[in-house]
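Laboratory data are not the source of any read-out in this text; all were calculated from the coordinates shown. Every value quoted in this text rests on a predicted model; they were computed, and no experiment measured them. Ideal geometry is used to build each Cβ from the backbone, glycine not excepted, and the neighbour counts take in all protein chains shown.
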Amino acid sequence: MNYSSYEIMVVSAARLLKNDDVCFVGIGAPSAACNLAKLTNAPDITLIYESGTIGTAPDVLPLSIGDGELCSTALTTVSGVEMFNYWLQGGRITVGFLGAAQLDRFGNINTTVIGNYEKPKVRLPGGGGAPEIASHSKQVYIIMKQSPRSFVNKIDFFTSYGFGNGFNERSDKGIQTKGPQLLVTDMAIWKPDPTTKEFEVVALNPGVTREAMQESVGWPIRYSETLDENIPPTKLELEVLRDLQERTRIAHSKTGNSGQ
Amino acid sequence: MAKFQSLSTAINENLFSGSFVVFEGFTHLIPYAAAHETIRSGITDLTLARMTPDVIYDQMIGMGMVSKLVFSYAGNPGVGLLRRLRDAVENDWPRPLAIEEHSHAAMANSYEAGASNLPLAILRGYQGAGLKGINANIKSIECPFTGETLAAVPALRPDVAVIHAQKADSKGNVLVEGIIGVQKQAALSAKKAIVTVEEIVPELNTHPNACIIPSWAITSISVVPGGAHPSYAQGYYERDNSSYLEWDKISSDRNAFRDWMQKNVLEQGPEVFNERVEHLRD
């Protein structure tokens, strides 16, 4: 079956999730991946959205982090204070998903500003829950498309900390969690080198060349010695993902005519 | 005891130019009607705080009535950036906007500290994060028991908290259900709490651990059916996602924005909200 680079990205991330994972889910590709995992390889996975919905099982993907669907299908819904203190700071999250406007080779993330903080070229939404998702989740997974604008040599602002300048900088700061352990893109799967903590490519998606990879990334890419080719999505994975997206499209088109 | 008042009386008696106000809500139960009444009241120089300033803050900032914003995520939920806020931060239009930026965890704790009558909140936060370097209200504190260095932020103590909730009983006790965010903490951190509700019922008839704000902790209650549109009120109407998508277009142009505000906010009253949610009710 033919598939898009977005579909293989979502499927690749979903495959790496497990039944006993407790995921702090972000909107967009992370939400698609987590819900695909729940519908395929990890039916018992616990999904938590930062609006306070714990153990949620939406039938369609939410447009916002606080859609009613998340609450009405959740095991329980807790306050913002409880969410961030008990469940995130309390160390209950096994996988925190983050996206980025800018990402560097050490998994540091910027979603705050492009340019200077005081006089930004583009004022982005900011960190929200991300600074503490990055430090309190046992592991951080990053899903995003590769592009020279977003995979940069130097990020403009440290919204969420990954490995800083690499090596032991993270643990030297007293951060006890593992940090970014996986980067899934539309072209490849990356993991941090155990010593330097720089992301290196562990698997290329079928048909992706090293030249194309380098054109989309603003630093010299390192490849694992055991570089693999990523496995294409199966028919079942694609069917489940496409069904989910079609249900989502239909549900979101129903609430039309704002009248505002 | 809470007073039952019209929305315009509630806003005009409690909010003034220069007030520090929070209109809280995390995607759900956003107090749109109250924010629009505030815009119509003509007050200015407000300091606003909110974890997730969204469209209502974009509207108030674009109308030039906000001098400072305290926040942790300023986006149009599920859609993208806030264009009026961007114009204010990037181009000082229609006026400069001072910002104080935090993380969600820190702000949630700031409200809790305010509600708890403490001067500060302590959390294990901002580790390695750049905000620590640019926000003077993020400091470090050493745990006197373990020696661990933790983050400290000041308590939030707004003059007025404004929230929307599902219902009040006839005595003015308010029930908040569904995604409750930090509404209870915000209401109790403020000197005054104004609540808009979908309806008044004789009894709340709920379970023992429901999120209820007692009447005597609330200043004013106004009945505004649909008052959270285009966000939603769980059990009453759905989120109007297409309005959030449309806002991206309306807010992208200064003139389109002003025309829209004139027609849909300045020339309207709270009664239009009921019509706006008609097609979104179950």
Counting only DSSP beta bridges with both partners in the protein assembly as shown, the antiparallel fraction in percent, to the nearest 5, comes to 40 percent
Phi-derived 3J(HN,Hα) across segment A:141-148 with the Karplus relation (6.51, -1.76, 1.60, θ = phi - 60°), rounded Hz, x for Gly and Pro, is 10, 10, 10, 6, 6, 7, 7, x
Over chain B, the sum of -39500 (n - 2.57) across DSSP H runs of at least four, divided by residue number and rounded to 500 deg cm²/dmol, gives at 222 nm -7500 deg cm²/dmol
Under the rule rounded for a/c under 1.5, else prolate if a/b exceeds b/c, else oblate, using alpha carbon gyration tensor axes a ≥ b ≥ c, segment B:23-73 is classed as oblate
Taking Cα pairs closer than 8 Å and at least 6 residues apart, the relative contact order of segment A:5-252 in percent is 19 percent
Residue ranges of DSSP H helices in chain A that stretch 27 Å or more (Cα, own long axis) and have mean Kyte-Doolittle hydropathy of at least 0.5 are none
Rounded to one decimal in nm, the spacing of the 7 Å Cα→Cβ label points at A:Tyr6 and B:Ile200 is 4.9 nm
With A:Gly128 itself left out, Lys, Arg at +1 and Asp, Glu at -1 over residues whose Cβ is under 11 Å from its Cβ give -3
Within the under-10-Å Cβ sphere about A:Gln102, not counting A:Gln102, Lys/Arg +1 and Asp/Glu -1 give a net charge of 0
Plugging the Cβ-Cβ distance of B:Lys263 and A:Tyr223 into 1/(1 + (r/R0)^6) at R0 = 56 Å yields, to the nearest 0.05, a FRET efficiency of 0.45
If A:Lys235, A:Lys38 are placed from fewest to most neighbouring beta carbons inside 10 Å, the sequence is A:Lys235, A:Lys38
Phi-derived 3J(HN,Hα) across segment B:240-253 with the Karplus relation (6.51, -1.76, 1.60, θ = phi - 60°), rounded Hz, x for Gly and Pro, is 8, 4, 5, 5, 5, 5, 5, 4, 4, 6, 4, 7, 7, 10
With the 8 Å Cα cutoff and a minimum separation of six or more residues, chain B has a relative contact order in percent of 23 percent
The FRET efficiency for B:Asp92 and B:Glu271, from their Cβ-Cβ distance with R0 = 45 Å and rounded to 0.05, is 0.80
antiparallel share of DSSP beta bridges within segment B:46-118, to nearest 5, in %, is 20 percent
Stretched fully, the stretch from A:Leu75 through A:Arg92 gains (0.36 nm per residue minus C-alpha distance, one decimal, in nm) 4.6 nm
Taking Lys and Arg as +1 and Asp and Glu as -1, residues besides B:Asp169 with C-beta under 12 Å from its C-beta add up to 0
With +1 at each Lys and Arg Cβ and -1 at each Asp and Glu Cβ, the charge dipole magnitude of segment A:56-178 around its Cα centre, to the nearest 20 debye, comes out at 480 debye
Any residue on another chain or 5+ positions along whose placed amide H is under 5 Å from the amide H of A:Ala74 is listed here as A:Ala57
Counting only residues 5 or more apart in sequence or on a different chain, those whose built amide H sits under 5 Å from that of B:Ala165 are B:Thr196, B:Val197, B:Glu198
Applying the gyration tensor rule to the Cα atoms of chain B (axes a ≥ b ≥ c; rounded if a/c under 1.5, else prolate if a/b exceeds b/c, else oblate), the class is oblate
Taking B:Arg157, A:Arg210 and counting other beta carbon atoms within 10 angstrom, the fewest-first order is A:Arg210, B:Arg157
Going from the fewest other Cβ atoms within 10 Å to the most, one would list A:Val11, B:Val79, B:Val201 as B:Val201, B:Val79, A:Val11
Phi-derived 3J(HN,Hα) across segment A:109-116 with the Karplus relation (6.51, -1.76, 1.60, θ = phi - 60°), rounded Hz, x for Gly and Pro, is 10, 10, 10, 9, 9, 9, x, 7
Restricted to segment A:5-252, the DSSP antiparallel beta bridge percent, nearest 5, is 50 percent
Given a Förster distance of 41 Å, the FRET efficiency implied by the Cβ-Cβ spacing of B:Thr146 and B:Asn255, rounded to the nearest 0.05, works out to 0.10
Full extension between A:Arg249 and A:Lys119 adds, at 0.36 nm per residue less the Cα distance, a length in nm of 43.0 nm
Cross-link reach from B:Lys191 to lysines, straight Cα distance under 18 Å and at least 8 residues apart if same chain, gives B:Lys3
Output row, site B:Thr9, 7 Å Cα→C-beta label point, backbone N cut-off 18 Å, window segment B:208-228, residues B:216, B:218-225
Under the rule rounded for a/c under 1.5, else prolate if a/b exceeds b/c, else oblate, using alpha carbon gyration tensor axes a ≥ b ≥ c, chain A is classed as rounded
